[in-house]
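The values are calculated or read from the model by the stated rules, or taken from the named source; none is laboratory data. Computed from a predicted model, the values in this text were never measured in an experiment. Reconstructed Cβ throughout: ideal geometry from the backbone, glycine too, with neighbour counts over all protein chains shown. Note: accessible area is taken over every heavy atom of the protein model, side chains too, but ligands, DNA and RNA are not part of it. Shrake-Rupley method; radii C 1.70, N 1.55, O 1.52, S 1.80 Å.
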Amino acid sequence: NAGVTQTPKFQVLKTGQSMTLQCAQDMNHEYMSWYRQDPGMGLRLIHYSVGAGITDQGEVPNGYNVSRSTTEDFPLRLLSAAPSQTSVYFCASRPIAGPSYEQYFGPGTRLTVT
Amino acid sequence: GIQVEQSPPDLILQEGANSTLRCNFSDSVNNLQWFHQNPWGQLINLFYIPSGTKQNGRLSATTVATERYSLLYISSSQTTDSGVYFCAVEPSTGGFKTIFGAGTRLFVKA
């Protein structure tokens, strides 16, 4: 049971390049989400999904796209990278039926945009 | 939207000391979790505690949902407790949108 996995661990992009951050979970959780963490701050929600085919925006969705074709995977796409997207990105998952809604996080992807 | 405030922002302890971290939130919540982010950036689940009291070893947490706050107690602190402690809540209204506090940065001196 690997939990939540993210790839890559580190990535450097040039301004204007696109890329996809991968996230997978093996806990059969319906809910998955992406966050970004900037230095000295808490995490901010980018996008989330409550099941395959269902996605919605969080606090800071601009510049990012998501899709959810399977329960296990929830990739995050940067369409045209900007220096303001330099951050650490975390993926998380949790069940949406009780008794617990505890959220589990992946190890993070550190992204630098030059 | 909901506001989540954590205090204190920074805390320095001598090894062996006890501490209390606080999380205030401005609206009713369905879910509340405490996390420890270690110096390597990993987020470690401490407690899922939308209400009530839980204990796990030297750590315990209490959430009083009706008064909109949660407390995290660390007893007999160790250097490995250093890092940032985050409170994260999911409002009762507004869907599945988790909001994090800014965190309490803890340094435990040997």
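Table for the structure above
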item: Choice from B:Asn38, B:Asn18, B:Asn56 with maximal GNM fluctuation in chain B (Cα, 10 Å cutoff); result: B:Asn56
item: Integer Hz, Karplus 6.51/-1.76/1.60 couplings in order for the range B:38-55, x for Gly and Pro; result: 6, x, 8, x, 6, 9, 10, 5, 9, 9, 9, 8, x, 6, x, 10, 9, 9
item: Within the range A:76-110, backbone nitrogen closer than 19 Å to the virtual label 7 Å beyond the Cα of A:Ala52 toward Cβ; result: A:76, A:93-97
item: Sites A:Gln17 and A:Ile96 - FRET efficiency at Förster radius 25 Å, r taken between beta-carbons, to 0.05; result: 0.15
item: Cβ-derived FRET efficiency at R0 35 Å, B:Ser51 paired with B:Phe107, nearest 0.05; result: 0.70
item: Over the protein assembly as shown, volume per residue of the alpha carbon convex hull, in Å³; result: 122 Å³
item: Residue of B:Pro39, B:Pro91, B:Pro50 that the Gaussian network model of chain B assigns the largest fluctuation, springs spanning Cα pairs under 10 Å; result: B:Pro39
item: Accessible area (Å², 1.4 Å probe, nearest 10) - A:Phe10; result: 150 Å²
item: Neighbouring partner chain Cβ atoms per residue of A:87-93, average, 10 Å criterion; result: 1
item: Using a Förster distance of 30 Å, the FRET efficiency for A:Asn62-B:Thr66 (Cβ separation, nearest 0.05); result: 0.25
item: Accessible-area ranking of A:Met19, A:Met32, largest first, probe 1.4 Å; result: A:Met19, A:Met32
item: Share of carbon and sulfur in the accessible heavy-atom surface of the protein assembly as shown [1.4 Å probe, %]; result: 51 percent
item: Per residue convex hull volume, Cα atoms of chain A, in Å³; result: 94 Å³
item: Check: the range B:4-109 dipole with +1 on Lys, Arg Cβ and -1 on Asp, Glu Cβ, in debye; result: 120 debye
item: List A:Tyr31, B:Tyr48, ordered by accessible area with a 1.4 Å probe, largest first; result: B:Tyr48, A:Tyr31
item: Estimated dipole of the protein assembly as shown in Debye, rounded to 20 [Cβ of Lys and Arg +1, of Asp and Glu -1, Cα centre]; result: 400 debye
item: Accessible surface buried upon B-A contact (total; probe 1.4 Å; Å², nearest 100); result: 1600 Å²
item: Positive-pole candidate from A:Ile46, A:Val88, A:Leu76, dipole of chain A, charges at beta carbon; result: A:Val88
item: The range B:4-109 - convex hull of alpha carbons, volume per residue in Å³; result: 85 Å³
